[in-house]
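Trainee: Below you will find the structure I want to go over with you.
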There are 2 protein chains.
Amino acid sequence: MNPDIIVVGAGLAGLTAARRLSAAGRTVRVLEARGRVGGRTQTIRLPKTGLSVDVGGQWVGPNQPHVMALIHELGLEVYPTHDEGQNLALLGDKIVRYRGLIPPLSPLVLADYALLSHRFEALARSIPLDAPWTAPDAADLDAQTFDTWIRKNARRPQTRALMRVYAGAVFSAAPAEMSLLHALTYTAHGGGINGHTLTRGHALQDRVLGGAGGISQRLADALEDVRLNSPVVRVEQDETGVTLHTPDGTHRAEHAVFAVPPVLLCGLPFDPPLPARRAQLQQRLPMGAVMKFMAVYERPFWREAGLSGMAISDTGPVTVAFDNSPPQGTPGVLLGFIEGAEARELMDVGEHERRDAALNSLARMFGDEALTPIETVQRDWTAEPFSGGCYGALFGPGVWTGYGEALRAPVGRIHWAGAETARVWMNYMDGAVESGERVSAEILGAQEG
Amino acid sequence: MNPDIIVVGAGLAGLTAARRLSAAGRTVRVLEARGRVGGRTQTIRLPKTGLSVDVGGQWVGPNQPHVMALIHELGLEVYPTHDEGQNLALLGDKIVRYRGLIPPLSPLVLADYALLSHRFEALARSIPLDAPWTAPDAADLDAQTFDTWIRKNARRPQTRALMRVYAGAVFSAAPAEMSLLHALTYTAHGGGINGHTLTRGHALQDRVLGGAGGISQRLADALEDVRLNSPVVRVEQDETGVTLHTPDGTHRAEHAVFAVPPVLLCGLPFDPPLPARRAQLQQRLPMGAVMKFMAVYERPFWREAGLSGMAISDTGPVTVAFDNSPPQGTPGVLLGFIEGAEARELMDVGEHERRDAALNSLARMFGDEALTPIETVQRDWTAEPFSGGCYGALFGPGVWTGYGEALRAPVGRIHWAGAETARVWMNYMDGAVESGERVSAEILGAQEG
């Protein structure tokens, strides 16, 4: 029996779409290339301590209504990110402790940063979240890199360094890798810089008890037809439906949803071929570069020193760190992100060398005790063939204005979901869920219309 | 019997590699996804006039030694591009006639353009052709778009317009779509702006008698094992060789060469997966956007008016035009290129609307006689699934410096050719041939080493 709808990709977007379509009475089959569900989220159990950790996406916040509602709907719980104590900033070879948003830099730098971030956020508020190509001066904003804008507007090198840390932490990229229009759009999706970077009230407020991988697992458990190890290798569409070929067979449905990173569709043969704008859009959405590194210690030793575990650095390879300990506080876990240029530096080396580099980086922040963890875990998302990188796609200069209209436009009976297509919180878990809900409504509407 | 080497892609690069490897005594199989050879070159015969025309790459010049030598080796001949008479420039709603390089703009504009192009070419001369990421200030040059540099350095709007025409004609893209480092590298590959844009002595000097598609056809005819309609869908590599899967079977060899646009490999499963830097590079090489349009007339009526048929325009959709008549001069053929932003404007419309837009554009240049051709032909390369666009890949900000090292680096027994990998004249026919010669030497060296 053919299902009504086939969803390609069992990440949060695809599984949410499948859930909503099933709830509306449609039969749905999910085809997943990997041997697991969850896409860019994954919770694994560490061998020595038995601790469950998120090697992929992990944070949610009260400003992210789609994923929060889904978490509650699934009966999962969240707990707050540990953020008590002083933060650290390692800028150059100088380390400073501080509370609040911004490190205690010189008044000239603080004033410069305040002015620049105010100007940036004011510009961001002029961008329509779901159609940045219609923004005032969209062509100009899209013809320059975020880096060019920072260089032009930041009067102090430390301000530029702070913005590079922002780009790394939030876009997993260097400011040169995206257009100014994209930096503004993405920032606006989170309601401003702080919406992306802060804990209480913002995107980093909470984590999912048991791990964020549990969301996809519960979604998949409630579905009837999820097929793992089923990469789609060819797609045909005619007037009545879509046929998807996997190495094991052929799948036919009235509609198909692709909920995968768009760039991974570049070599996939579609018959008839995709429209040129859609095909060239897919070529223009490379994925960010990020490695996630965690070190597990008997106890969170930094807390005893009055530190929150949160740190930023402009030296790397770890440029942002967090206390990622479980709710009970033991064992202690330090989480370090290696992003953009720093990730590229460590792309070609082995796991041991990367581990040493990350531990040394954490030790420069938190002291030599960081050098002797019980165990460590690392995940290089750039090396995952079915993700291609994390957190999500980067829109370089000219892409939003030249190709943005094709991002969500269905091609006949083929529909597009995935975190890249979100109308808010793109490339976040919240955006993935929003895209799954949007695409399910789109298909139900098409079937009724 | 397994061949020694399998080449994927029967364009100029792949076929040149196959020829050189065969000549060195190796057995070679070529797998081509399409039902024809030639890749981004193709010669077709028009139904009404019986004229053979190149709907893909067509020009070669004496400054392109690799393709010129190959043409002579194959016993083909070239003939000069018609360039006698006055050129046209349609800037805004003003049309001017001129001889030589640059339209007769105001002295202020001419001085501004001279200064800017001098500065640009001086900078281009500092770029190592085969390793632009090692250039002085490479990071800075790669952090901004070509558009940003033009805006900063051009004092007159007409200078900016001329540079946009240059980007369209030579890169098939808007200046915002590439980094400054890429614009410099590519310009340097042709020895400067004129190397790319002029006829006598330069890249547009000659055309191939019978059509440029004849080069690939002769190459293929001399090979023993070229298989059409054989798209590669999966790749495996082990210590002794490479296995390539096509829908019809399995092919095994000691070495494999991929001679296709890199971005089209994004979704292709490699086992083991490609190294992260190579995989992310492939995501970052989108193809340019160009449509080629030709109109055939009983005679080249513009010649009678003293015009060369060469024209540039900043209004579009045709931004560059040429006399593309056969050597005997009849029938007359006008060739118009629709590139970058202009190509995107006409991406979603049907062939009739595009034909009307192109003919109107030619009529604004050459008069109403252009509106009534005997026949027309158009080719939208952005809609070709196995090219993904033309002329070739664009390197956006951060790509050369972050990923350039992976462009030609073999991955075990897998080697990379194609116009994008050329060390000179990248994205041209000459670069394709150079890459085929380089990769064949690389494999012969590896087998001896």
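What follows draws every value from the coordinates through simple rules; no lab data is involved. Note that this is a predicted model, so its numbers are computed, not measured. Glycine gets a Cβ as well: all are built from the backbone with ideal geometry, and neighbour counts include every protein chain shown.
Trainee: What list do you get for A:292, A:152 if you sort them by fewest beta carbons within 10 Å?
Mentor: Least crowded to most crowded, the residues run A:152, A:292.
Trainee: Report, in whole Å, the centroid distance computed from the Cα atoms of region B:387-449 and region A:345-417.
Mentor: Region B:387-449 and region A:345-417 have Cα centres spaced 26 Å from each other.
Trainee: Where does helix A:12-23 land angle-wise versus the long Cα axis of chain A, in degrees 0 to 90, nearest 10?
Mentor: 40
Trainee: Say each of residue B:369 and residue A:97 gets a label point 7 Å from the Cα, pointing the same way as Cα to Cβ; how far apart are those two points in nm?
Mentor: Using points 7 Å along Cα→Cβ, the separation is 8.6 nm.
Trainee: Follow-up. Spelling out what I want: for every residue of region A:119-135, take phi, set θ = phi - 60°, compute 6.51 cos²θ - 1.76 cosθ + 1.60 (Karplus), and round to whole Hz; glycine and proline get x.
Mentor: Karplus values, whole Hz, x for Gly and Pro: 5, 5, 6, 4, 5, 4, 5, 8, 9, x, 4, 9, 7, x, 5, 9, 5.
Trainee: While we're looking at this one, here's another question. Under a 5 Å amide H to amide H cut-off, with H placed in plane at 1.01 Å, what residues pair with residue B:40 once short-range neighbours are removed?
Mentor: Amide H to amide H, under 5 Å and 5 or more residues apart or across chains, residue B:40 pairs with B:12.
Trainee: Starting from a label point 7 Å past Cα on the Cβ side, list the distances from residue A:412 to the same position in the other copies, nm, shortest first.
Mentor: Reported distances to equivalent positions: 3.7 nm.
Trainee: For every helix of n ≥ 4 consecutive DSSP H residues, a contribution of -39,500 (n - 2.57) applies; sum these over chain A, divide by its total residues, and give [θ] at 222 nm rounded to the nearest 500 deg cm²/dmol.
Mentor: About -9500 deg cm²/dmol.
Trainee: Right, here's the next one. Please compute the modelled spin-label separation between residue B:86 and residue A:140, points set 7 Å along Cα→Cβ, answer in nm with one decimal.
Mentor: 3.8
Trainee: Quick check: from the Cα gyration tensor, does region A:117-187 come out rounded (a/c under 1.5), prolate or oblate? Each step should come with its number before you reach the end.
Mentor: Values: a/c = 1.80, a/b = 1.59, b/c = 1.13.
Prolate, because a/c is 1.5 or more and a/b exceeds b/c.
Trainee: Also, quick follow-up: Each residue of region A:178-185 in order: what ³J(HN,Hα) in whole Hz does its phi give by Karplus 6.51 cos²θ - 1.76 cosθ + 1.60, θ = phi - 60°, with x for Gly and Pro?
Mentor: Using θ = phi - 60°, the values come out as 9, 6, 4, 4, 5, 4, 5, 4 Hz.
Trainee: Going by amide H atoms built from the backbone, whose H comes under 5 Å of the H on residue B:308, apart from near neighbours?
Mentor: Hits under the 5 Å cutoff: B:86, B:87.
Trainee: Take the alpha-carbon centre of region B:169-186, take the same for region A:220-264, and report the distance between them in whole Å.
Mentor: For region B:169-186 versus region A:220-264, the Cα centre distance is 37 Å.
Trainee: To continue, here is another question. Distance between the C-alpha centers of region B:1-62 and region A:37-55? Whole Å please.
Mentor: Region B:1-62 and region A:37-55 have Cα centres separated by 49 Å.
Trainee: Looking only at Cα atoms, what is the convex hull volume of the protein assembly as shown per residue, in Å³?
Mentor: Dividing the Cα hull volume of the protein assembly as shown by its residues yields 164 Å³.
Trainee: While we're looking at this one, here's another question. Among B:439, B:377, B:208, which one shows the biggest mean-square fluctuation in a GNM of chain B, springs joining Cα atoms closer than 10 Å?
Mentor: The residue that fluctuates most here is B:377.
Trainee: Further question: Separation between the residue B:115 and residue A:131 pseudo-spin-labels, each 7 Å from Cα along Cα→Cβ, expressed in nm?
Mentor: Each label point lies 7 Å from its Cα, and together they span 4.2 nm.
Trainee: A further question follows. Looking at region B:240-319, which GluC sites (Glu not before Pro) are DSSP coil and have at most 16 other C-beta atoms within 10 Å of their C-beta?
Mentor: Those that pass, being in a loop and sparsely packed, are B:298.
Trainee: Additional query: With +1 assigned to the C-beta of every Lys and Arg and -1 to the C-beta of every Asp and Glu, and no other charges, what is the dipole magnitude of the protein assembly as shown about the Cα centre in debye, to the nearest 20?
Mentor: Using Cβ point charges on Lys, Arg, Asp and Glu, the protein assembly as shown gives about 1100 debye.
Trainee: Another question, if that's okay. Convert each backbone phi in region B:222-234 into a coupling constant with the Karplus relation 6.51 cos²θ - 1.76 cosθ + 1.60 (shift: θ = phi - 60°), then list the ³J(HN,Hα) values in order as whole Hz, x for Gly and Pro.
Mentor: Each residue of region B:222-234 in turn: 8, 9, 8, 9, 10, 10, 7, 6, 10, x, 7, 10, 7 Hz.
Trainee: On to the next question. Arrange the peptides A:195-207, A:175-187, A:69-81 so that the one whose residues have, on average, the most other Cβ atoms within 10 Å appears first.
Mentor: Packing order, densest peptide first, comes out as A:175-187, A:195-207, A:69-81.
Trainee: Are there cysteines in the protein assembly as shown with no other Cys C-beta under 4.7 Å, and if so, which?
Mentor: Taking the Cβ cut-off of 4.7 Å, the unpaired cysteines of the protein assembly as shown are A:390, B:390.
Trainee: Among A:49, A:10, A:144, pick out the residue whose Cα is farthest towards the positive end of the charge dipole of chain A, where Lys and Arg carry +1 and Asp and Glu carry -1 on C-beta, about the Cα centre.
Mentor: Sorting the options by dipole projection puts first A:144.
Trainee: Take every residue in peptide A:149-155, count the Cβ atoms of other chains within 10 Å of its Cβ, and give the average of those counts.
Mentor: Mean inter-chain Cβ contacts per residue within 10 Å come to 1.
Trainee: Quick one: if the Förster radius is 22 Å, what FRET efficiency do residue B:153 and residue B:200 give, using the C-beta to C-beta distance and rounding to 0.05?
Mentor: With a Förster radius of 22 Å, E is 0.15.
Trainee: Calculate how steeply helix A:157-171 sits against the longest principal axis of the alpha-carbon atoms of chain A, using the helix alpha-carbon long axis, and give the answer as 0 to 90 degrees to the nearest 10.
Mentor: That helix lies at roughly 40 degrees to the long axis.
Trainee: Another question, then. Any idea what angle helix A:351-366 forms with the longest principal axis of chain A, computed on alpha-carbon atoms, 0 to 90 degrees, nearest 10?
Mentor: 50
Trainee: Mind checking B:260-270 for the average number of partner chain beta-carbons within 10 Å of each residue's beta-carbon?
Mentor: Taking all residues of B:260-270 together, the mean is 6.
Trainee: Region A:175-217: Rg/Rh from Cα coordinates, Kirkwood Rh?
Mentor: Answer for region A:175-217: 1.13.
Trainee: If you don't mind, there's one more thing I want to ask. Of A:107, B:250, B:312, which is farthest along the charge dipole of the protein assembly as shown in the positive direction, counting Lys and Arg as +1 and Asp and Glu as -1 at C-beta?
Mentor: Positive-most Cα among the choices belongs to A:107.
Trainee: Given a Förster radius of 25 Å and the C-beta distance between residue B:271 and residue A:348 as r, what FRET efficiency does 1/(1 + (r/R0)^6) yield to the nearest 0.05?
Mentor: According to the calculation, E is roughly 0.80.
Trainee: Here's something else I'd like to know. Return the average number of partner chain Cβ atoms within 10 angstrom of each residue Cβ along peptide B:335-342. Please list the in-between numbers first.
Mentor: On the way: counts 0, 0, 0, 0, 0, 2, 4, 0.
For peptide B:335-342, the averaged partner shielding equals 1.
Trainee: Near residue A:48, which aspartates and glutamates are there with a Cα under 17 Å away, not counting those fewer than 8 places off in the same chain?
Mentor: Cross-link targets: A:298, A:375.
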